[in-house]
Amino acid sequence: MVKKTFTQNTIAMVYDFDGTLSPQPMQEYTVLPKFGIEPEAFWARVHKEATQTDSDPMLVYMRLMMEMLYKNDDVRITRKDFSAMAAGIEYFPGVEEWFPNINAYIKKRSGALVHVHHYIISAGQKEILEGVSIGKYFKQIYASEYHFNQYGIATFPKLLITDTSKTQFLFRINKGKEAMSESINEHMPEGERPIPFSNIIYIGDGMTDVPSMALTTKSGGHSLAVFNPKFAKSKVTCVRLLDAGRVDFIAPADYRATSKLTKRVHLLLDSVIAGIAYQAEVATCKAENS
């Protein structure tokens, strides 16, 4: 009998972006100010049209953005243009040091036996996120995308990510089917999934993250909600998520080493690392006696 090697020793840290790693929607740092579009009026228009036409707000946003950018025939936006705009994005305190710090913590606590992959799942624009300074830390960035024609010009939405469709990408991470061309519909035994849900920690900031938080926690993983301490409404939303059992913890969006968020994520990581060590020893015991 062939003895199986335990391979489920990878942790997935999954992040929303807008309101989670960055205080404002990425468009408010990038596309909107670049083209002189007032954010509040723009989002009001998106909401109004989505309500009146019973449309998905993100699809309305992506279409309106194209219409507004191209109302001048001389304007053409390329992938490189979107990526360059990311230089204007601001982060919550400590975000840029967060990822190497988390990597080092997991390596130390697990004796280098546990690995970690970071992911973004966002309804925002992938073309912008591809240019963020922290992009090098992510194994995958899943976000809404535009199609670019033969001249490299954005023409229409290619991929739309909504609150509920975010969950697809959690299954992709879980099953190791991370490319969009790979089907996730085939059954895969739990023991063969590269990153079981018990190894997933999801970090978001609000109601748009509820489907992902609910799936993660109900499947044995962990979720945590962060709030902007400058806005009382942000904390109220997170408290509602905590009271409803959607998340394990809530904390201010402060990613510095001494923050409450870091302390609570470390606690979750310790739990996951211990669970991995337990499962690895179970596998070893079975292999020794098979």
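The values are calculated or read from the model by the stated rules, or taken from the named source; none is laboratory data. Keep in mind the model is a prediction, meaning the values are calculated, not measured. Counting neighbours? That spans all protein chains shown, and the Cβs are built from the backbone with ideal geometry, glycine included. Protein only, heavy atoms only, side chains kept; ligands, DNA and RNA dropped before computing areas. Shrake-Rupley method; radii C 1.70, N 1.55, O 1.52, S 1.80 Å.
Quick notes on this one:
- Restricting Leu59, Leu21 to residues that are open to solvent by 80 Å² or more (accessible area, probe 1.4 Å), within 27 Å of Ile203 (Cα to Cα), aliphatic (A, V, I, L, M) and at pLDDT 85 or above narrows the list to Leu59.
- Taking the stretch 134-149 as the range and being over 15 Å from Val116 (Cβ atoms) and either surrounded by fewer than 16 Cβ atoms within 10 Å (Cβ to Cβ) or without any contact (Cβ under 8 Å) to a residue 60 or more places away in the chain (or both) as the test, the residues that pass are Gly135, Ile141, Tyr142, Glu145, His147, Asn149.
- Test: residue in the stretch 136-154 that is part of a strand (DSSP E or B), at pLDDT below 85 and farther than 23 Å from Glu38 by Cα: yes
- Matching residues in the stretch 111-133 - criterion: being open to solvent by less than 10 Å² (accessible area, probe 1.4 Å), touching a residue at least 60 places away in the same chain (Cβ under 8 Å) and more than 12 Å from Tyr15 (Cα to Cα): Gly124, Gln125, Ile128, Leu129
- Looking only at the stretch 155-170, residues that are touching a residue at least 40 places away in the same chain (Cβ under 8 Å) and part of a helix (DSSP H, G or I) come to 4 in all.
- Taking residues in the stretch 256-267 that are at pLDDT 95 or above, and partners anywhere that are surrounded by 16 or more Cβ atoms within 10 Å (Cβ to Cβ) and hydroxyl-bearing (Ser, Thr, Tyr), the pairs with Cβ atoms closer than 8 Å and at least 6 places apart or on different chains are Arg256/Thr262; Leu261/Tyr255; Thr262/Tyr255; His266/Tyr105.
- Residue ranges of strands (runs of 3 or more DSSP E) in the stretch 171-290 with at least 3 members of a type in the set (Gly, Ala, Ser), touching a Leu at 6+ places or on another chain (Cβ under 6 Å) and surrounded by fewer than 19 Cβ atoms within 10 Å (Cβ to Cβ): none
- Residue in the stretch 68-81 that is buried (at least 20 other Cβ atoms within 10 Å of the Cβ) and part of a loop (DSSP other than H, G, I, E, B) present: yes
- Of everything in the stretch 24-54 that is part of a loop (DSSP other than H, G, I, E, B) and surrounded by 15 or more Cβ atoms within 10 Å (Cβ to Cβ), the residue that is farthest from the chain's Cα centre (by Cα) is Ile37.
- For the stretch 41-58, the condition of being touching a residue at least 12 places away in the same chain (Cβ under 8 Å) and either in contact with an Asp or Glu (Cβ under 7 Å, 6 or more places away or on another chain) or hydroxyl-bearing (Ser, Thr, Tyr) (or both) holds for none of the residues.
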